[in-house]
Every structure is written in C-alpha cells, then in structure tokens.
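The values are calculated or read from the model by the stated rules, or taken from the named source; none is laboratory data. From a predicted model like this one, the values you see are computed outputs, not experimental measurements. Backbone-built Cβ (ideal geometry, glycine too); neighbour counts: all protein chains shown.
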2 protein chains.
Amino acid sequence: MADHYPPDTGTYPTTERTRVRRSPKRGSHAHADVHAILDVSSLCHVGYVIDGAPYVTPTLHWREGDYVYWHGSSASRFLRAAEDMQVCLTCSIIDGYVLARSAFNHSVNYRSAMVFGTAHLVDDIEEKNDALRRLIEDLFPGRWDSLRSMTKQEVKATSVMRMKIEEASAKIRNGPPGDVDEADHPVWAGVLPIESRLVSPQPAPGLPDGMELPQSLADLIQSGRLR
Amino acid sequence: MADHYPPDTGTYPTTERTRVRRSPKRGSHAHADVHAILDVSSLCHVGYVIDGAPYVTPTLHWREGDYVYWHGSSASRFLRAAEDMQVCLTCSIIDGYVLARSAFNHSVNYRSAMVFGTAHLVDDIEEKNDALRRLIEDLFPGRWDSLRSMTKQEVKATSVMRMKIEEASAKIRNGPPGDVDEADHPVWAGVLPIESRLVSPQPAPGLPDGMELPQSLADLIQSGRLR
C-alpha cells in the first residue's frame, strides 16, 4: 500500500461534481479517507463516455500517491477510448444491511470513493512494467520476483491507464439504523454485517511435486485481508 | 427472485455495444445468464452522463422480468438527471484471484453483467410502493408486512427508477490459471477463492425486551446467501 510519511493531511477540492449533497455528514474529501477506500478494495468500476453513452466496466485498480492505475488488453475498446478522456472511477464495499422498523429507514453500511480525472496510457515500457509489478505486489507481496518474467509481447499486449485524481469524494455509512425513536415498533432491527474473505486455496492442476503454498499467501489467507 | 415458468430461454441482441470482444468464450447474451448475475448481486454501479462527463454511482438494484430497478432520494441529482437518459448498469462479483506462473496470466474469477437501457422514474404511488416492497422482499423474504407502513412523505421522498433491459451481456471467468504449459516454472499457482457472507447480526440499541431475530433472517444468515 502507498503509505505516506509524513501522513497525508491534504484534501481534494470540493467541486460541483464532488460535493456530497445527500447526507453530507457521511462525506469526506480528505486524501486519507479517499485513499483508504481505494486501497482496501481491489475491484473498481470505471465509467467512460463513448459516443455520448455511458459504459461502466469492472476492473482491478491500484494506487500510487495521487494516481490510480488500471489495466487491460491493448485491444480493449474501453482502454483505447479512454486516452485523454474524463473518467469516473468508483470503488464500493458493502459492509452490511441495515434493517430498520420502516422500509424507508432501511439502509446499507458501506464505504465508497468516487474519483475523477483524465485517463492517460502509460507508454513507456519500463514504467508500464513497474506499474504491473506494483499491481501484483500490492495484492501478493513478494510474488513478482518468483514469476516467469514478462515477455516483450506480453508487455505490448497489456495497456496500463494512469489517472491523476483531480477531484474525489468518499462516503461512509456505518452503525445501527437511525430510527431509535421508533424502537417500540415490534420488529427486529439491527445490522446484518457482510464479510468477504479468502478461503481455502485451490492449487492449479499439474503443480510440480512438493510445491507448497508460499508462506506469504498462507499469511494473507490467515489474515483474512483481501488486499 | 424473479423465477420464470416456463424457463426464459431468450437472448438479448448482440449489438455493437454489447458484443463481447475480449475472450468472447466467456461472454453470453442469454437472459438466464444476465439475470442470474443481476439477481445474485445486490450492489450495482450505475453509469450516467451529465454534461458530457461520466458518473458512476453504487446502489442496490432489483429485477422483475426484463426490468431493473434502483432507488434513492428524490433530491438526488443522479436520479433526477437519469430520467429518459441512457444508462449502463453493471454488476460484478469477484469469486477469486487467479495466480499464474507469469504476471501476464494472472486473472480473476468473476461474474459480471452489463445492461443498457433508458431510465424512467416510476411516478405512480402504488407502483412505487410495490417496487419498494419487492426490494425489501427480495432481500429479506417476509419482512415487508412486519414493518411500520411507509408514510406518504416517505414515498414522496423516495425516487424509484425503472429501466427495460434493451441490450445486455454477461461475462464469466472461472477455473484455474490457463498456463498449464508452464507448470514446470517453480512457483505456486492456483486460485484463491473469495467468499462473501452474512455474519453475526448486531441488534439495534433499544430493541424491546424479548425481541428475537426472526427465523427468516436466522435462516438467511445460516444459508450464507447474500440475496
């Protein structure tokens, strides 16, 4: 993860685009809040506009400072269309269902970050290789050096997009339903938390005899961390 | 869930917008495949175009036949902007990380559905109420009738969007890494599956004495189903 020293106490500008209008007390533009959500989620959804129409594509992303990265096939129409285009990249995690006494007060506990910027292809081969290394290492620390090196063809077949975060907001809801004044209505209320975790690894067919799961992956599964 | 009888064997048209170009063997336009992903995921990401720029917002959705629904505050700028607009709604579930012998062959096991259409507000009060009932009942069967009824103000404060699915594609990857020909490279390869589940419920503060978790919610948690 992109740790900062000294701590990053900056904030992204509050713009027309990112001002949190609904439930503003749940919102934040602090770098630390936005980055924490980007870092804890490996999946994001990237929004593009192609010929005036919206497209939302799921992908893995990673972050370095104020830059987010994602990648895909060099033949992807989305990545080709994204060059120099405005993009909205959103990460969302549902932490639980919030069950209240009325349908209206039902909610979800969640963390989401919406970041805006202009996407650019990473052209330089070295830089692209470094970015892909970071993707792998952020997910599986120590793995990169144990892999078969990427061939020139493979690097060429992969497009990496980079976007400086120009505007961003984070929004978080947690805690119980907000309808304590209705606690006498005779229905169970509370939170059903949702947990995502890594479970038993499935070795690939044909692994050489004696090839054990590396300790770093065992630790990752043990920790329950997804990233 | 919206079950079909007889089974829905239809397919959405393969259009320029939805043709699965990358790894087409992973793609499908079958109603059954698209609907299964929409139904198993409660979270979606909706893409709007406002003043030419993309916005991707997370929300809960639900489905009835060929229609998807989502909702929010009537004051939401996204919902207000969405009326009669083209929308892309995407659901994605990561089922596991796929670790290969080379960085290039790393992947994720996933299920995603991308659906396109034109969004419309549900204006009729009765219809809106029915739609919200379905949202609650799809998630928590039997709950609606135990709730305090919605007030007129609450129904008014809630906007429900409906969209007929005009075009759609599903994309699924599962199984081990695809690089068996490199099995002699000395690194562990395989899948790290990801599991999401409901865990111990957290009762709201102030629940009346003796208010137990309903059996239907206990069953839901026991089943591990998220929806």
- Output for region B:67-101, where each listed residue is hydrophobic (A, V, I, L, M, F, W, C) and not in a strand (DSSP E or B): B:A75, B:F78, B:L79, B:A81, B:A82, B:M85, B:A100
- In region B:100-139, how many residues are aromatic (F, W, Y) and within 16 Å of the chain's Cα centre (by Cα)? 2
- Query: Of all residues in region B:141-163, which are at pLDDT 95 or above, farther than 28 Å from B:R26 by Cα and among the hydrophobic types (A, V, I, L, M, F, W, C)?
  - Reply: B:W144, B:L147, B:V160, B:M161
- Query: at pLDDT 95 or above, acidic (D, E) and within 26 Å of A:D95 (Cβ to Cβ): does that describe A:E167?
  - Reply: yes
- Tell me, please, whether a residue that is over 30 Å from A:S74 (Cβ atoms), surrounded by 17 or more Cβ atoms within 10 Å (Cβ to Cβ) and among the charged types (D, E, K, R) can be found in region A:143-151. no
- Note on the structure: All-but-one check, A:F78 against (1) aromatic (F, W, Y); (2) modelled with pLDDT of 95 or more; (3) more than 30 Å from B:K128 (Cβ to Cβ), failing number (2)
- Spot the failing condition for A:S196; the list is (1) more than 7 Å from chain B (Cβ to nearest Cβ); (2) among the small types (G, A, S); (3) in contact with a Leu (Cβ under 8 Å, 6 or more places away or on another chain), and only one is missed. (1)
- Total residues in region B:19-35, condition surrounded by 14 or more Cβ atoms within 10 Å (Cβ to Cβ) and closer than 20 Å to A:S159 by Cα: 1
- Item | Checklist (1) among the charged types (D, E, K, R); (2) at pLDDT 95 or above; (3) surrounded by 14 or more Cβ atoms within 10 Å (Cβ to Cβ) applied to A:R197, failing item | (2)
- Query: What residue, among those in region B:169-191 that are acidic (D, E) and in contact (Cβ under 8 Å) with a residue 60 or more places away in the chain, is nearest to the other protein chains (Cβ to nearest Cβ)?
  - Reply: B:E182
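A quick yes/no check of all residues on (1) within 11 Å of chain B (Cβ to nearest Cβ); (2) touching a residue at least 24 places away in the same chain (Cβ under 8 Å); (3) not aromatic (F, W, Y):
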| site | (1), (2), (3) |
| --- | --- |
| A:P54 | yes, no, yes |
| A:H61 | no, yes, yes |
| A:W70 | no, yes, no |
| A:S73 | yes, yes, yes |
| A:Q86 | yes, yes, yes |
| A:L99 | yes, yes, yes |
| A:M114 | yes, yes, yes |
| A:V122 | no, yes, yes |
| A:I125 | no, yes, yes |
- Query: Can you name the condition, by its number, that B:G72 falls short on among (1) surrounded by fewer than 17 Cβ atoms within 10 Å (Cβ to Cβ); (2) farther than 16 Å from A:P58 by Cα; (3) of a type in the set (G, A, S)?
  - Reply: (1)
- Query: In the set B:T18, B:T14, B:T57, which member is under 28 Å from A:G72 (Cβ atoms) and assigned to a strand (DSSP E or B)?
  - Reply: B:T57
- Given (1) aliphatic (A, V, I, L, M); (2) out of contact with any Leu (no Cβ under 7 Å at 6 or more places or on another chain); (3) more than 7 Å from chain A (Cβ to nearest Cβ), index of the condition B:L147 fails: (3)
- Quick one: what pairs do we get from region A:29-51, first residue closer than 28 Å to B:Q86 by Cβ, second outside any strand (DSSP E or B), C-beta under 7 Å, 6+ apart or different chains? A:Y48/A:F78; A:Y48/A:A81; A:Y48/A:A82; A:Y48/A:M85; A:V49/B:G52; A:I50/A:A81
- Item | The listed residue being of a type in the set (A, V, I, L, M) and surrounded by fewer than 20 Cβ atoms within 10 Å (Cβ to Cβ), out of A:A168, A:A157 | A:A157
- Note on the structure: A careful count of residues in region A:213-224 that are more than 7 Å from chain B (Cβ to nearest Cβ) and touching a helix residue (DSSP H, G or I) at 6+ places or on another chain (Cβ under 9 Å) gives 1
- Query: Is it the case that region B:36-43 has a residue that's buried (at least 23 other Cβ atoms within 10 Å of the Cβ) and assigned to a loop (DSSP other than H, G, I, E, B)?
  - Reply: no
- Query: Is it true that B:L89 is of a type in the set (A, V, I, L, M, F, W, C), out of contact with any Pro (no Cβ under 6 Å at 6 or more places or on another chain), crowded, with 21+ Cβ neighbours inside 10 Å and farther than 14 Å from B:A119 by Cα?
  - Reply: no
- Return yes or no: is B:P54 buried (at least 16 other Cβ atoms within 10 Å of the Cβ) and over 17 Å from the mean Cα position of the chain (by Cα)? yes
